[in-house]
Amino acid sequence: MLKSASQPYVLKYQARCLAAVHGEQSRFLVGTTSLREANELHLIEFNEARNDLSCRGLFTHPGEIWHISCCPHQPALATTVFATDTGGTRRWQAALWRVQPSGQQALSPDSQPSPLGAPLLTLPSSGQIRGVVWEPSGAAAEQCVVVDDAGLHHFNFDGGFSTASRMGDVELTKLATAAWDPHRPHQVGVAHDHSLKFFDLRTCKLSVSIDQAHLPSVRDLDFNPNKHNVLASCGDDGQLKFWDLRNSREPLLNISAHRHWVWRVKYNGFHDQLVLTSSSDRRVGLWKAQSVSYTPALGDDDAAKQPEKDGLIQMFEEFEDSIYSIAWSVCDAWIFASVSYEGSVIVNHVPASEMYKIVL
């Protein structure tokens, strides 16, 4: 039975990033961004029966954590992007860590954190790092892309490494984030100022450009996990937009989603008509994008049914500060987690009425 929002899991310090851990439990990694205190990395787990979040691992972490990305194929591996200040000099780093539960018993969020240990490796970069994106298919060796304000750094864990400050005629500056196309293992999309740009990593050439996708800036993008060539984007204009790379002059669908900047957009990995957004208007939006999803159109046997309309399913308003990060559970299609800047993590459910429309 689907329930209301979980009790908040409250961190000691402010937070900006959250990521879902791949595995058989609904687990999430959350990092803090304290300027003065020792920062922490929390491994938390959602219990459906109790409708609560518990701490399964609590670790010290160097610097302010600005981004977390979990390996899709090895649940114990995750990358963090973090900033440290030494002698007035700010330094950005990205590192790969092994993060595992601390034991069988749940911990208190106020417990003494354990040392995380040394990173397995430090990922190269050359500027302010925005994030790390894993190649989702795992068809070959593990790969990732490090995104910073000076370009893309393609890292192959078999030992290959390449850096691109330009892709064709495009100078890669003012990058905000990136997403790896799950249907084309060599294509990466980036949020480039107010535009969306898509590159072939094999040739370092621009394949598609969507100019002025959001004004003044694009904040995030996510590829549809089930439907080729379709993606969602969001930005400072408060809009949620859906695009087809084969004909990108106009969006397939444009939704006025929030009253302020939209920081994140995430497709549901099981049902691509469900899409999440988070915003600095302190709200999380759950949207239906039926018309641009992989879900088949109604057939003759469904003639009596009315097509589902695109738009808002529910706006979640439990937070008191900007919501910088959201994540769907990897193993449960109906739950998702959000973290707000004041350091509160909440798990919500897709409404039961919506779930039954999808599964029945």
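Using the Karplus curve 6.51 cos²θ - 1.76 cosθ + 1.60 with θ = phi - 60°, what ³J(HN,Hα) values do you get for each residue of region 264-280, in whole Hz, with x for Gly and Pro?
9, 9, 9, 6, 5, x, 9, 10, 6, 7, 9, 9, 9, 9, 10, 8, 7
Assign one of three labels to region 182-308, namely rounded, prolate or oblate, based on the Cα gyration tensor with a ≥ b ≥ c the square roots of its eigenvalues; rounded applies when a/c is under 1.5, prolate when it is not and a/b is larger than b/c, and oblate otherwise.
Note, shape of region 182-308 comes out oblate.
So which trypsin sites (Lys or Arg not before Pro) in region 190-234 are both in a DSSP loop and have at most 13 other Cβ atoms within 10 Å of their Cβ?
For trypsin sites (Lys or Arg not before Pro) across region 190-234 that sit outside H, G, I, E and B with at most 13 neighbouring Cβ atoms in 10 Å, the list reads 202.
Rg and Dmax of the chain, using alpha carbons, in Å: what are they?
In Å, with Rg to one decimal and Dmax whole: 19.8, 70.
When the Cα centres of region 1-56 and region 177-213 are compared, how far apart do they sit, in Å?
31 Å
Over 27 Å between C-alpha atoms is what I'm after, so list which of 174/309; 12/288; 174/288; 266/357; 174/227; 205/288 land there.
Pairs exceeding the cut-off: 174/309; 12/288; 174/288; 174/227; 205/288.
With a/c under 1.5 counting as rounded, go ahead and sort region 39-78 into rounded, prolate or oblate using the C-alpha gyration tensor (a ≥ b ≥ c being the square roots of the eigenvalues; past the cut-off, prolate if a/b is larger than b/c, else oblate).
Here region 39-78 falls in the oblate category.
Would you please give the residues with an amide H less than 5 Å from that of residue 272, counting only those at least 5 places away or on a separate chain, with H modeled from the backbone geometry?
Distant-sequence amide H within range of residue 272: 294.
What is the Cα convex hull volume of region 10-114 when expressed per residue in Å³?
In region 10-114, the Cα convex hull volume per residue is 99 Å³.
Considering amide H positions built from the backbone, and no H for Pro or chain starts, which residues 5 or more places from residue 18, or on another chain, come under 5 Å of its amide H?
Residues meeting the amide H criterion: 68.
What spacing in nm lies between the two simple spin-label points modelled at residue 249 and residue 315, each 7 Å away from Cα in the Cβ direction?
Distance between the two pseudo-spin positions: 3.4 nm.
How large is ³J(HN,Hα), in whole Hz, for each residue of region 314-331 in order, when computed from phi with the Karplus curve 6.51 cos²θ - 1.76 cosθ + 1.60 and θ = phi - 60°, using x for Gly and Pro?
Whole-Hz 3J(HN,Hα) from phi for region 314-331: 7, 9, 9, 10, 7, 9, 10, 8, 4, 10, 8, 8, 9, 7, 6, 4, 6, 10.
Specify which residue in the list 232, 213, 274 is farthest towards the positive end of the charge dipole of region 194-298, using unit charges on the beta carbon of Lys, Arg (+1) and Asp, Glu (-1), about the Cα centre.
274
For residue 283, list long-range residues whose amide hydrogen, built 1.01 Å from N in the peptide plane, is under 5 Å from its own amide hydrogen.
Here the answer is 323, since their amide H atoms fall under 5 Å of that of residue 283.
Round to the nearest 0.05 the FRET efficiency obtained for residue 76 and residue 212 when R0 = 30 Å and r is the Cβ-Cβ distance.
It comes out at approximately 0.10.
Using just the helices of the chain, give the 222 nm mean residue ellipticity in deg cm²/dmol: DSSP H runs with n ≥ 4 each add -39,500 (n - 2.57), and the total is spread over all residues, rounded to 500.
Taken over the chain, the calculation gives -500 deg cm²/dmol.
So which residue, out of 151, 285, 311, gets the largest mean-square fluctuation from a GNM of the chain using Cα contacts under 10 Å as springs?
311
Would you work out the charge dipole size for the chain about its Cα centre, treating the Cβ of every Lys and Arg as +1 and the Cβ of every Asp and Glu as -1, and quote it to the nearest 20 debye?
320 debye
Given a 1.4 Å probe and the protein chains all in place, what does the accessible area of residue 110 round to, in Å² to the nearest 10?
120 Å²
Quick one: go through region 105-131 and flag any residue whose amide nitrogen is under 17 Å from the point 7 Å out along the Cα-to-Cβ line of residue 47.
105-111
If R0 is 30 Å, what FRET efficiency do you get for residue 256 and residue 7 from their C-beta distance, rounded to 0.05?
Efficiency computed from Cβ-Cβ geometry: 0.40.
Extending each Cα 7 Å along its Cβ direction at residue 24 and residue 353, get the distance between those two points in nm, one decimal.
3.6 nm
Rounded to whole Hz and in sequence order, give me ³J(HN,Hα) for region 218-231 from the Karplus expression 6.51 cos²θ - 1.76 cosθ + 1.60, θ = phi - 60°, writing x for Gly and Pro.
7, 9, 7, 8, 8, 7, 5, x, 10, 10, 4, 6, 10, 8
The values are calculated or read from the model by the stated rules, or taken from the named source; none is laboratory data. Owing to the predicted nature of the structure, the values given are computational and were not obtained by experimental measurement. All Cβ positions, even for glycine, are placed from backbone atoms using ideal geometry, and neighbour counts span all protein chains on display. With ligands, DNA and RNA removed, areas are computed over all heavy atoms of the protein, side chains included. Shrake-Rupley method; radii C 1.70, N 1.55, O 1.52, S 1.80 Å.
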